[in-house]
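Reviewing the structure listed below.
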Amino acid sequence: MKLVIMGDLHYHDVDPGIPGLLVARNLFYGNLLGRFLQTEGDLHISLGDLTNTGSATELREVSEMLRRRNRTFIHVLGNHDLYTRTKREVLEITGQQQYHMLDAGSSILVFLDTAREMELSNGGGWLDEEQLEWLEAIVLASGTKPVIIFAHHPVHNTTIGSDRVKGSLHPEVPIWNILKQKQGTGIYFNGHAHADSIVTQQNWTFIQVSACLDQPAYRVVELEKNRFQMTTIDVTDAGVVTHIPMLKRHILYYNSNPDARGKDADRQIDISLRPNRRLQKID
């Protein structure tokens, strides 16, 4: 199975009265998403903040761009996606599910909803009791089959930036009580912190993906029965990178990270999925 994964996209509305801004926006996102969708994969996955404010125009326009190729696209909700819309309203526009799981044969894929609804001043993550109970049942039922979780927010005190206030799932969310019950390998993907980072704690590997405006790139995962291999594809096309400075000057509610790009060991990894095998980064 092949997965193609992108971090925070922040597709955003722009002021058409600013000369060149609309053209820059359309070229940046059109070319970046074109490369993302051009890459063959069984699933194309967004780790949340697909949009910048969750406005109807942002959601409809980016959804239309994503439908230009016949891909199976999955979007987990991010806090920015819910700034101006309820979860129900966002999901009605995108056609996505709030949270769900997929048995991929050799692995279990879990897609979480960690975002708060319409809380502009609180971008931190949360999981309610219903979703925690649902996740625990999946982890327990998985046995030694690998579990791969996709969420917007990192688990507190794991990847870079997850120790900051509102930079992760709230510290009081008892997700570790669930994760520690996993037998065998667990892998957790997230965005939110706008920085590449890979950290291993216990039998879980936490993979954080930076935002596309800071690092125009996406991840490709080759998922085999006994092996998980992830690489990063950087998008260096002039039709993408030349428009970034202008977009950053005018985008609202976006925190750019000049240190977003991690070391090579934060951007690629090879994990044995055999029971009791160590996880290792690619140097």
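Are there any pairs, at least 6 apart or on different chains, whose C-beta atoms fall under 9 Å, with the first in segment 129-148 and closer than 13 Å to Met101 by Cα and among the acidic types (Asp, Glu) and the second part of a helix (DSSP H, G or I) and modelled with pLDDT of 95 or more, and if so, which?
Close Cβ pairs satisfying both conditions: Glu136/Asn177; Glu136/Ile178.
Here is a list: Leu59, Leu9, Leu32. Which entry is part of a loop (DSSP other than H, G, I, E, B), buried (at least 22 other Cβ atoms within 10 Å of the Cβ) and either touching a helix residue (DSSP H, G or I) at 6+ places or on another chain (Cβ under 9 Å) or without any contact (Cβ under 8 Å) to a residue 40 or more places away in the chain (or both)?
None of the other options fit; the residue is Leu9.
Does segment 97-111 contain at least one residue that is assigned to a loop (DSSP other than H, G, I, E, B), out of contact with any His (no Cβ under 7 Å at 6 or more places or on another chain), modelled with pLDDT of 95 or more and among the aromatic types (Phe, Trp, Tyr)?
Yes, the conditions are met somewhere in segment 97-111.
On the basis of being within 18 Å of the chain's Cα centre (by Cα) and in contact (Cβ under 8 Å) with a residue 12 or more places away in the chain, does Leu47 make the cut?
Considered against the rule, which asks whether it is within 18 Å of the chain's Cα centre (by Cα) and in contact (Cβ under 8 Å) with a residue 12 or more places away in the chain, Leu47 comes out as yes.
Going by what's in this entry, would Gln181 be described as in contact (Cβ under 8 Å) with a residue 40 or more places away in the chain and touching a strand residue (DSSP E or B) at 6+ places or on another chain (Cβ under 6 Å)?
The answer is no for Gln181.
Is it fair to say Gln181 is at pLDDT below 95 and either in contact with a Leu (Cβ under 7 Å, 6 or more places away or on another chain) or over 18 Å from Asn79 (Cα atoms) (or both)?
No, not satisfied.
Can you confirm whether Thr84 is under 23 Å from His153 (Cβ atoms) and touching a His at 6+ places or on another chain (Cβ under 9 Å)?
In short, no.
From the list Leu213, Leu169, exactly one residue is closer than 19 Å to Ser46 by Cα, in contact with a Gly (Cβ under 6 Å, 6 or more places away or on another chain) and modelled with pLDDT of 95 or more. Which is it?
Among Leu213, Leu169, only Leu169 is closer than 19 Å to Ser46 by Cα, in contact with a Gly (Cβ under 6 Å, 6 or more places away or on another chain) and modelled with pLDDT of 95 or more.
Among the residues of segment 238-283, what is the count of those that are at pLDDT 90 or above, more than 21 Å from the chain's Cα centre (by Cα), of a type outside the set (A, V, I, L, M) and surrounded by fewer than 14 Cβ atoms within 10 Å (Cβ to Cβ)?
Selection size over segment 238-283: 3.
The values are calculated or read from the model by the stated rules, or taken from the named source; none is laboratory data. All figures in this text were calculated on a predicted structure; none of them were measured in a lab. Reconstructed Cβ throughout: ideal geometry from the backbone, glycine too, with neighbour counts over all protein chains shown.
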